[in-house]
Amino acid sequence: WLSAFVAAAAVATAGVDGTIALWDLSSYNVMTHGSCQVSKTGAPLAISFSGEVIFTGWADGKLRAHDAEDGALLWTIDDAHRNGATALQTAHNSKFIVSGGDNGEVRAWEIRTRDMIRHLKQHTMTVTSLQISPDDSKVVSASRDRSILVWDLAQGTRLSALYQQMGGINSVALFMDENGEATQLVSVGQDKKMSFWHTSDRSPIESIGDGIGEQHAIAANSTGTLFATAGADAKVRLWQYNPTALLLEGVGHSAAVLSLAFSPDDKQLVSVGDDGNVLVWNIYQ
């Protein structure tokens, strides 16, 4: 399995064989099953789930939408991204999706019409991760080019640019500040560190690299009190956000972990890995 996205007590996953599955987080059974021919589409590279529709990005550069009820293909956006659609997020109002591509472009699409409503291009390499602010006004994009960009979706303009000295960024999580503004970020990347950012500062406020190795994924819970990281060493780590503290390490995968997602009630964490496994971790607070 390559990626996971959780909504409404279910987790959507996409696998290298083109399988798209929706799992019930209470019974752990597959509720919905869909598929694409990877000989034609290439591998799935990104996934997002609105609760009703499973959106996926593929190596053929197309975005696809599958019905969460029966797994049927609803529609396809052709030529969404040349060389592959590598990142994907659904707006909180479920009216649009934001996608990132292998060539560095970030694009927003209206779900109802499938029209492209924003084209944002300043990254010079693959977009690896996207986050949308709770009010859907901003999007944060992270890239292999070592940058994190914050965009105003209404105006289609860049608000800030953050830069890492070494290595591309694999994944980013968004946190609220004391005023309820989405200004705080934590990223993981090829520099084998966790970096903490404020959107007003070009450089990280702090970086932690205590032997955790390269982390491929980071996810925050809904309240911003906890976050999880996972990566090349196959471990899933749960952290307290502020002050930052490692709470526990979970061992269960036998290969690199590629994606993480919290359940809406924050009581479960889902991890998917190169070993083909989907693991569900129960979190007790």
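Some points to look at:
- Given the chain, longest segment not containing exposed loop chymotrypsin sites (Phe, Trp or Tyr not before Pro) (DSSP; at most 16 other Cβ within 10 Å): 29-283
- Å³ per residue enclosed by the Cα convex hull of the range 23-100: 94
- Using alpha carbons only: equivalent-ellipsoid semi-axes of the range 166-285, gyration tensor based, whole Å: 22, 18, 11
- Estimated Rh, the chain: Kirkwood, alpha-carbon pairs, angstrom: 18.5
- Taking a straight line from the alpha carbon of K121, these lysines sit under 17 Å away, with near neighbours fewer than eight places off in the same chain left out: K138.
- Listed by chain and number, the lysines whose C-alpha is less than 16 Å from the C-alpha of K62, apart from same-chain residues fewer than 8 away, are K40.
- Per residue, the accessible area of the range 8-83 comes to 44 Å² when a 1.4 Å probe rolls over the protein heavy atoms.
- When the square roots of the Cα gyration tensor eigenvalues are ordered a ≥ b ≥ c, the ratio a/c for the range 33-72 is 1.5 or more and a/b does not exceed b/c, which makes its shape oblate.
- Based on Cα contacts under 8 Å between residues 6+ apart, the range 1-151 shows a relative contact order of 13 percent.
- Expressed as a whole percent, the proportion of Cα-Cα pairs in the range 14-159 lying more than 22 Å apart is 36%.
- In this structure, the amide hydrogen of G276, modeled 1.01 Å from its nitrogen in the peptide plane, lies closer than 5 angstrom to no residue at least 5 positions away or on a different chain.
- Helical contribution to [θ] at 222 nm, DSSP H n ≥ 4, -39,500 (n - 2.57), averaged over the chain, rounded to 500: 0 deg cm²/dmol
- Its residue count N fixes a reference of 2.2 N^0.38 Å for the range 156-232, and the Cα radius of gyration divided by that reference is 1.08.
- Overall dimensions of the range 209-260, expressed as equivalent-ellipsoid semi-axes from the Cα gyration tensor (√(5λ), whole Å, largest first), are 18, 12, 9.
- Distance distribution P(r), the range 87-210, all Cα-Cα pairs, bin width 10 angstrom from 0: 14, 48, 31, 6, 0 percent.
- In the chain, Cα pairs under 8 Å separated by at least six residues give a relative contact order of 11 percent.
- Across every pair of non-identical alpha carbons in the range 69-124, the mean reciprocal distance, once inverted, gives a Kirkwood radius of 12.0 Å.
- Whole-angstrom gap from the range 65-140 to the range 236-261, using each part's C-alpha centre: 27
- Only lysines eight or more places from K235 in sequence, or on another chain, were considered; those with a Cα closer than 27 Å are K192, K193, K267.
- The distance from the alpha carbon centre of the range 153-204 to that of the range 11-51 is 29 Å, rounded to a whole number.
- Accessible-area ranking of K40, K192, K121, largest first, probe 1.4 Å: K40, K192, K121
The values are calculated or read from the model by the stated rules, or taken from the named source; none is laboratory data. Model, not experiment: these values are computed from the prediction. With ideal geometry, Cβ positions are generated from the backbone for all residues, glycine too; neighbour counts draw on all protein chains shown. Heavy atoms of the whole protein, side chains included, go into the accessibility calculation; ligands, DNA and RNA do not. Shrake-Rupley method; radii C 1.70, N 1.55, O 1.52, S 1.80 Å.
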